[in-house]
Amino acid sequence: MASPTNNLAQVLDFEEVGSGRHENLRFWLRLLTCTTLIETKIRGRLEQQYSVTLPQFDLMAQLDRMPDGLTMSGLSERLMVSNGNVTGIVKRLIAEKLVDRQTSKVDRRAFVVRLSKKGQVLFREMAKNHESWINELFAEIPTGDIDMMMTLLARTKEAVRGAGVDDSAKSKKIARFAARAAR
């Protein structure tokens, strides 16, 4: 099986499909293409250098921010995935001795997950490299352009939040997470 980084040539520039009056659709597809390209490169590097998946890295990042640990439900909410997904990721990280899981002292029905010492050391190394990979990917973009894009993307985020298109439970969960992250 080819690694994700070898498949980058197969990632289509979806925003090139169509033209003319479909500017909002093209904008959305351009954002999606950029996100997919960046994510594919980061996934590949994490897997090649550390044999860690992006979801495992994301879970470890949440635990690094919360040294006292998080419940499985807390992890699920922060990662915006199901409890079942979190359980699978945690089990793999426990097998690698990167996280510890203990029964909660507050609620005996819940588990608290923390980075192990080995997990802390590995995550800090991965986080440092992750930042350097991101810096490398954006090295050709002038700082002023990044500042301008950040401003425009902030306006985009607010416009999408204000659109009120979907009131589903998942959207409410995402909105709560985004509000917490913005604090």
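Could you give the length gained by full extension between Cys34 and Met80, i.e. 0.36 nm per residue of separation minus their alpha carbon distance, to one decimal place?
Details: separation 46, 0.36 × 46 = 16.56 nm, distance 2.10 nm.
Gain in length upon complete extension: 14.5 nm.
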(message) Testing the spin-label approximation: label points 7 Å from Cα along Cα→Cβ at Glu131 and Leu153. State their distance in nm.
(response) 1.7 nm
(request) Using a/c under 1.5 as the rounded threshold, could you call segment 109-160 rounded, prolate or oblate? The axes a ≥ b ≥ c are square roots of the C-alpha gyration tensor eigenvalues, and prolate needs a/b larger than b/c, oblate otherwise. (result) oblate
(request) Find the Cα radius of gyration of segment 75-149, compare it with 2.2 N^0.38 Å by division, and give the number to two decimals. (result) 1.54
(request) Ratio to report: Rg/Rh of segment 19-138, with Cα atoms as the point set and Rh obtained by the Kirkwood method; give two decimals. (result) 1.08
(message) Once R0 is set to 22 Å, what does the formula 1/(1 + (r/R0)^6) return for the Cβ-Cβ distance between Phe27 and Thr53, expressed as a FRET efficiency to the nearest 0.05?
(response) 0.15
(request) Give me the number: length gained by fully extending Arg161 to Ala139, i.e. 0.36 nm times residue separation minus the C-alpha to C-alpha distance, one decimal in nm. (result) 4.9 nm
(request) Would you mind putting 94-104, 54-64 in packing order, based on average other-beta-carbon counts within 10 Å, highest first? (result) 54-64, 94-104
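Every number here is computed from the coordinates shown, using simple stated rules; none is lab data. Worth saying up front: this structure is predicted, and the values here are computed from it rather than measured. Positions of Cβ are backbone-derived with ideal geometry, glycine not excepted, and every protein chain shown enters the neighbour counts.
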